[in-house]
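Trainee: Before anything else, here's the structure in question.
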Amino acid sequence: MTAPEIRLLDGTWYADDPYPSFAWMRKHAPVFWDAAGEVWGVASYDGVLKVSRDPATFCSREGSRPDSPAIPSMINMDDPEHRRRRALVNKGLTPRRVLDHEPKIRAICEDLLARAAASGRCDFVHDVAAPLPMIVIGDLLGVEPEDRDKLLRWSDDLIEGTSVSASPEVMMRAMRAFEEYAEYHRHVAADRRRAPRDDMMSALVHAEIDGQRLDDDAILQESLLILVGGDETTRHVIVGGMEALLRHPAERAKLAADPALVPAAVEEMLRWVTPIQNMNRTATRDVELGGVTIRAGQKVLPLYPSANRDESVFANADEFRVDRQPNEHLAFGHGAHFCLGASLARIELRIMFETLRPWLARIHLESAAPLQRRPSNFIVGIASMPVAFAQS
């Protein structure tokens, strides 16, 4: 059978509908060679697990993005360096510290939804979903409230640059966003050196590894990873999860009727949306995977959205079910690089949909037309979703 057009480094390919191509790959070429991108795509659940569980063969140190040089961040490290750096950042994301944020997260969700409902309509992306993680992550990084909009813009512009088909203008915005964030970061880091606070930036500035502190570049890269990882992914799951509920009225009614379903629904939203499309690994030796030989030095992309629709693992994988059990999805990755912010993301999602649940019957999409997704070969999500609130 002829292969569909598959462009694993092109953000527009992911923003369109890649799921038919993923299904073709799982059936005909679970380890697929993209000659144009010179990269392997691993489409099956089992294949993604194998790559994720074998960092000795599929390493991270050559860079987490296949089309960019490795930066000095834990996402581009292997153990033991990765483990030491991760332990420092994790001090601000322990389960206890995450739970401490619950009252504030709930208050934010209630305020955002009350404002949206009072206006009668809103853009669910910009008015509800985007502010929550930006406020939470901004507070963790010690960002002043008046600077949150700038951080959101920088995060958006950086992600829009992750595509080989990005225009020169988009790439210029991404470069400018990095430069502006770096300049902003220098001032915040200098302030925390003089006067530490109870925030993650202070922890990074004063952290030590084997008696040595992180340099400015390392702190910059780790804080940028926290910003983009914490903002972009959670926002897109909130929006994509809400879209799924609005387009599946029986599942929406099920969740509206039973608050105990919220945790399972959140896991299904994570599986359904899977905002992180892939994470590059580099083969350290010649290895056979899925019936093909991957050569040492070649790039390998575990395709998480494809793995999360693998029919051999998930019954009726192309159906959205708020009560799906079991649900061992890979939206947070797997192995040593399992998402550090998973606990924080889950609590934000849970509280948002606990708060949304009483409103579900009143919210509807203003248009039945397909929603535009932002092009990226890394993190994909809905760009805008106008909704209206019916009168109670």
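The values are calculated or read from the model by the stated rules, or taken from the named source; none is laboratory data. What you see is a predicted model; the values in this text were computed from it and never measured. Every residue, glycine among them, receives a Cβ derived from its backbone with ideal geometry; neighbour counts consider all protein chains shown. Areas reflect the complete protein model, heavy atoms only, side chains present, ligands, DNA and RNA absent. Shrake-Rupley method; radii C 1.70, N 1.55, O 1.52, S 1.80 Å.
Trainee: Could you list, in sequence order, the residues of the stretch 372-388 that are more than 9 Å from A15 (Cβ to Cβ) and hydroxyl-bearing (S, T, Y)?
Mentor: S384
Trainee: So which residues in the stretch 125-150 are farther than 18 Å from A345 by Cα and modelled with pLDDT under 95, if there are any at all?
Mentor: G142, V143, E144, P145, E146, D147, R148, D149, K150
Trainee: Does any residue of the stretch 225-237 turn out to be surrounded by fewer than 21 Cβ atoms within 10 Å (Cβ to Cβ) and acidic (D, E)?
Mentor: No: the stretch 225-237 contains no residue that is surrounded by fewer than 21 Cβ atoms within 10 Å (Cβ to Cβ) and acidic (D, E).
Trainee: While we're on this one: Quick one: D216 ticks every box in (1) of a type in the set (D, E, K, R); (2) in contact with a strand residue (DSSP E or B) (Cβ under 6 Å, 6 or more places away or on another chain); (3) farther than 24 Å from F338 by Cα bar one, so which box is it?
Mentor: (2)
Trainee: Cβ contacts < 7 Å: first residue on the phi > 0 side of the Ramachandran plot, restricted to the stretch 331-349; second residue surrounded by fewer than 23 Cβ atoms within 10 Å (Cβ to Cβ) and of a type in the set (D, E, K, R), any location; separation 6+ or different chain. Result?
Mentor: Between residues of the stretch 331-349 that are on the phi > 0 side of the Ramachandran plot and residues that are surrounded by fewer than 23 Cβ atoms within 10 Å (Cβ to Cβ) and of a type in the set (D, E, K, R), the close pairs are G335/R53.
Trainee: Given (1) at negative phi; (2) of a type outside the set (A, V, I, L, M); (3) open to solvent by less than 50 Å² (accessible area, probe 1.4 Å), where does G142 come up short, assuming only one miss?
Mentor: The number of the failed condition is (1).
Trainee: Looking at D46, D10, D54, which is the one that is over 18 Å from S306 (Cα atoms), among the acidic types (D, E) and at pLDDT 95 or above? So that I can check it myself, show each step before the final result.
Mentor: Details: D46 fails: over 18 Å from S306 (Cα atoms); D10 fails: over 18 Å from S306 (Cα atoms).
Exactly one of D46, D10, D54 is over 18 Å from S306 (Cα atoms), among the acidic types (D, E) and at pLDDT 95 or above, namely D54.
Trainee: Just checking, which of G161, G138 is more than 30 Å from A388 (Cβ to Cβ) and without any contact (Cβ under 8 Å) to a residue 24 or more places away in the chain? Before the answer, list the steps.
Mentor: Values: G138 fails: more than 30 Å from A388 (Cβ to Cβ).
The conditions single out G161.
Trainee: Just to verify a result, which residue in the stretch 298-336, among those that are open to solvent by 10 Å² or more (accessible area, probe 1.4 Å) and of a type in the set (S, T, N, Q), is farthest from P249 (Cα to Cα)?
Mentor: Q298
Trainee: Would you check which residues across the stretch 342-359 are surrounded by fewer than 19 Cβ atoms within 10 Å (Cβ to Cβ) and among the hydrophobic types (A, V, I, L, M, F, W, C) and list them?
Mentor: A342, W359
Trainee: From the list S167, S155, which one is free of Cβ contacts under 8 Å to residues at least 24 places away in the same chain and of a type in the set (S, T, N, Q)? Please lay out each step first, then the result.
Mentor: Working: S155 fails: free of Cβ contacts under 8 Å to residues at least 24 places away in the same chain.
That would be S167, the only listed residue that is free of Cβ contacts under 8 Å to residues at least 24 places away in the same chain and of a type in the set (S, T, N, Q).
Trainee: Condition check: touching a Gly at 6+ places or on another chain (Cβ under 9 Å) and open to solvent by 50 Å² or more (accessible area, probe 1.4 Å). Does R295 satisfy that?
Mentor: Taking the combined requirement at face value, the residue does not satisfy it.
Trainee: Only one of these is β-branched (V, I, T) and closer than 27 Å to F124 by Cβ: V188, V237, V164. Name it.
Mentor: Numbers: V188 fails: closer than 27 Å to F124 by Cβ; V164 fails: closer than 27 Å to F124 by Cβ.
Testing whether each residue is β-branched (V, I, T) and closer than 27 Å to F124 by Cβ leaves just V237.
Trainee: Just to be sure I understand, how many residues within the stretch 363-386 are open to solvent by less than 60 Å² (accessible area, probe 1.4 Å) and outside any loop (DSSP other than H, G, I, E, B)? It would help to see each step written out before you state the result.
Mentor: If we filter the stretch 363-386 for residues that are open to solvent by less than 60 Å² (accessible area, probe 1.4 Å), which is where we start, we get 363, 365, 369, 371, 374-386.
Those left that are additionally outside any loop (DSSP other than H, G, I, E, B): 363, 365, 379, 382, 386.
Result for the stretch 363-386: 5.
Trainee: List pairs: first in the stretch 204-223 and surrounded by 13 or more Cβ atoms within 10 Å (Cβ to Cβ), second among the β-branched types (V, I, T), Cβ under 6 Å, 6+ apart or cross-chain?
Mentor: Pairs found: L204/I219; Q221/I71; E222/V89.
Trainee: Answer with yes or no whether M279 is open to solvent by 20 Å² or more (accessible area, probe 1.4 Å), among the aliphatic types (A, V, I, L, M) and either modelled with pLDDT of 95 or more or touching a His at 6+ places or on another chain (Cβ under 7 Å) (or both).
Mentor: On the way: open to solvent by 20 Å² or more (accessible area, probe 1.4 Å): yes; among the aliphatic types (A, V, I, L, M): yes; either modelled with pLDDT of 95 or more or touching a His at 6+ places or on another chain (Cβ under 7 Å) (or both): yes.
It is true that M279 is open to solvent by 20 Å² or more (accessible area, probe 1.4 Å), among the aliphatic types (A, V, I, L, M) and either modelled with pLDDT of 95 or more or touching a His at 6+ places or on another chain (Cβ under 7 Å) (or both).
Trainee: Hey, another quick one. Considering the stretch 324-338 alone, what residues qualify as being in a loop (DSSP other than H, G, I, E, B) and either touching a Leu at 6+ places or on another chain (Cβ under 6 Å) or within 25 Å of G230 (Cβ to Cβ) (or both)?
Mentor: If the condition is that a residue be in a loop (DSSP other than H, G, I, E, B) and either touching a Leu at 6+ places or on another chain (Cβ under 6 Å) or within 25 Å of G230 (Cβ to Cβ) (or both), then N327, E328, H329, L330, A331, F332, G333, H334, F338 are the ones that fit.
Trainee: Filter the stretch 305-328 down to the residues that are of a type in the set (S, T, Y) and more than 19 Å from the chain's Cα centre (by Cα) and list them by number.
Mentor: Filtering the stretch 305-328 down to residues of a type in the set (S, T, Y) leaves 306, 312.
Residue satisfying the conditions is S312 alone.
Trainee: For the stretch 81-105, which residues satisfy the criterion of being assigned to a helix (DSSP H, G or I), touching a residue at least 24 places away in the same chain (Cβ under 8 Å) and open to solvent by less than 70 Å² (accessible area, probe 1.4 Å)?
Mentor: H82, R85, R86, L88, V89, N90, V98, E102, I105
Trainee: Would you be able to tell me the number of residues in the stretch 1-30 that are β-branched (V, I, T) and over 23 Å from the mean Cα position of the chain (by Cα)? Outline the logic, then answer.
Mentor: Quick first cut of the stretch 1-30, residues β-branched (V, I, T) only: 2, 6, 12.
Narrowing the set further to residues that are over 23 Å from the mean Cα position of the chain (by Cα) leaves 2.
Of the residues in that region, 1 qualify.
Trainee: Sticking with this one: On the given criteria, is A129 among the hydrophobic types (A, V, I, L, M, F, W, C) and surrounded by fewer than 21 Cβ atoms within 10 Å (Cβ to Cβ)? Please lay out each step first, then the result.
Mentor: Details: among the hydrophobic types (A, V, I, L, M, F, W, C): yes; surrounded by fewer than 21 Cβ atoms within 10 Å (Cβ to Cβ): no.
Answer is no for this residue.
Trainee: Looking at E110, is it open to solvent by 50 Å² or more (accessible area, probe 1.4 Å), over 23 Å from the mean Cα position of the chain (by Cα) and either modelled with pLDDT of 95 or more or not aromatic (F, W, Y) (or both)? Can you show your working first?
Mentor: Working: open to solvent by 50 Å² or more (accessible area, probe 1.4 Å): yes; over 23 Å from the mean Cα position of the chain (by Cα): yes; either modelled with pLDDT of 95 or more or not aromatic (F, W, Y) (or both): yes.
Judged against the criteria, E110 is a match.
Trainee: Out of V292, V313, V322, V273, which single residue is at pLDDT 95 or above and touching a strand residue (DSSP E or B) at 6+ places or on another chain (Cβ under 8 Å)?
Mentor: Numbers: V313 fails: touching a strand residue (DSSP E or B) at 6+ places or on another chain (Cβ under 8 Å); V322 fails: touching a strand residue (DSSP E or B) at 6+ places or on another chain (Cβ under 8 Å); V273 fails: touching a strand residue (DSSP E or B) at 6+ places or on another chain (Cβ under 8 Å).
The match here is V292.
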